[in-house]
Amino acid sequence: STSYTGSWSHTYSTIGQYFIKINGRWTMPIENTTSSYYPFPYNEHAKQYITHIAIPSYITDIPVNYFKDMTGLKSINIPIGVKYIGQEAFSDCTSLEYVAIPDTVTVCEKQVFYRCTSLKEVILPHSITEIADELFRYCSNLTNIIIPEYVISIGDYAFERCISLTEIIIPKNV
């Protein structure tokens, strides 16, 4: 199952059928029926309270918009085995501060971290060959980034409005 941790100011222990409070932790299980992390219905109000997500190790794809607008999300554990991160998967996660993307990821679509305004550090995988359009657009707290050596292109507006970016290391072949 996938576990979600967060602080809740409400007194109830369930939200619909998807949030369950167990031993003081909020849990949202999904079935192990696919290799993709597909959207599931849950209470929109909950997005602001989820602070950490641990993705199951059997997941290979994080699809388009999956974690979009989760404004309380501070950290996420992307396991080894994930190969694809879809467009806007983490966009508008305004509390997200740090992300390490494993080397098994070969594709990060455009706008994956769009408007993640608290994002300070991202470790990019050595397996990607492109920095997609608008990948870090409006990540105003991103301070430095190292572009992996096999990257051959950087998309339009990839670092637009990254006003805290003081260092970017770009390989010679870009």
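The values are calculated or read from the model by the stated rules, or taken from the named source; none is laboratory data. Worth saying up front: this structure is predicted, and the values here are computed from it rather than measured. Cβ placement follows ideal geometry from the backbone for every residue including glycine, while neighbour counts extend to all protein chains displayed. The area values use the complete protein model at the heavy-atom level, side chains included, leaving out ligands, DNA and RNA. Shrake-Rupley method; radii C 1.70, N 1.55, O 1.52, S 1.80 Å.
One residue is enough: does segment 92-101 have a residue meeting the conditions over 12 Å from the mean Cα position of the chain (by Cα) and either open to solvent by 30 Å² or more (accessible area, probe 1.4 Å) or closer than 20 Å to TYR157 by Cα (or both)?
no
Of these, VAL174, VAL122, which one is part of a loop (DSSP other than H, G, I, E, B) and either under 18 Å from ILE53 (Cβ atoms) or not acidic (Asp, Glu) (or both)?
VAL174
Do you know which residues across segment 106-124 are more than 14 Å from ALA158 (Cβ to Cβ) and in contact with a strand residue (DSSP E or B) (Cβ under 8 Å, 6 or more places away or on another chain)?
THR106, VAL107, LYS120, GLU121, ILE123
Which condition number in (1) of a type outside the set (Asp, Glu); (2) over 30 Å from GLN48 (Cβ atoms); (3) at pLDDT 95 or above is the one that TYR157 fails?
(2)
Here are some residues: GLU134, GLU160. Which one is of a type in the set (D, E, K, R), assigned to a loop (DSSP other than H, G, I, E, B) and surrounded by 19 or more Cβ atoms within 10 Å (Cβ to Cβ)?
Within the list GLU134, GLU160, the selection yields GLU134.
Can you find, within segment 120-131, the residue that is nearest to LEU165 (Cα to Cα) among those that are open to solvent by 50 Å² or more (accessible area, probe 1.4 Å) and of a type outside the set (Lys, Arg)?
Ranking the candidates gives GLU121 first.
Which one of the conditions (1) open to solvent by 40 Å² or more (accessible area, probe 1.4 Å); (2) over 12 Å from the mean Cα position of the chain (by Cα) does TYR84 fail to meet, given that it meets all the rest?
Checking TYR84 against (1) open to solvent by 40 Å² or more (accessible area, probe 1.4 Å); (2) over 12 Å from the mean Cα position of the chain (by Cα), the one that fails is (2).
For residues in segment 143-157 being part of a loop (DSSP other than H, G, I, E, B) and among the β-branched types (Val, Ile, Thr), which is nearest to LEU124 (Cα to Cα)?
Among those that are part of a loop (DSSP other than H, G, I, E, B) and among the β-branched types (Val, Ile, Thr), it is ILE147.
Against the definition (in contact with a Lys or Arg (Cβ under 8 Å, 6 or more places away or on another chain) and free of Cβ contacts under 8 Å to residues at least 60 places away in the same chain), how does SER91 come out, yes or no?
Yes: the conditions hold for SER91.
Six or more apart or on different chains, Cβ under 6 Å: which pairs go from a residue in segment 127-144 that's within 20 Å of ASN173 (Cβ to Cβ) to one that's part of a loop (DSSP other than H, G, I, E, B) and of a type in the set (D, E, K, R)? Could you list them?
SER127/ASP103; ALA132/GLU109; ALA132/LYS110; ASP133/LYS110; ASP133/ASP156
Which one of the conditions (1) more than 20 Å from GLN87 (Cβ to Cβ); (2) in a loop (DSSP other than H, G, I, E, B); (3) touching a residue at least 12 places away in the same chain (Cβ under 8 Å) does ILE168 fail to meet, given that it meets all the rest?
With respect to (1) more than 20 Å from GLN87 (Cβ to Cβ); (2) in a loop (DSSP other than H, G, I, E, B); (3) touching a residue at least 12 places away in the same chain (Cβ under 8 Å), ILE168 is out only on (2).
Could you please give the count of residues in segment 102-119 that are free of Cβ contacts under 8 Å to residues at least 40 places away in the same chain, open to solvent by 50 Å² or more (accessible area, probe 1.4 Å), part of a loop (DSSP other than H, G, I, E, B) and not polar (S, T, N, Q)?
Residues meeting the conditions: 2.
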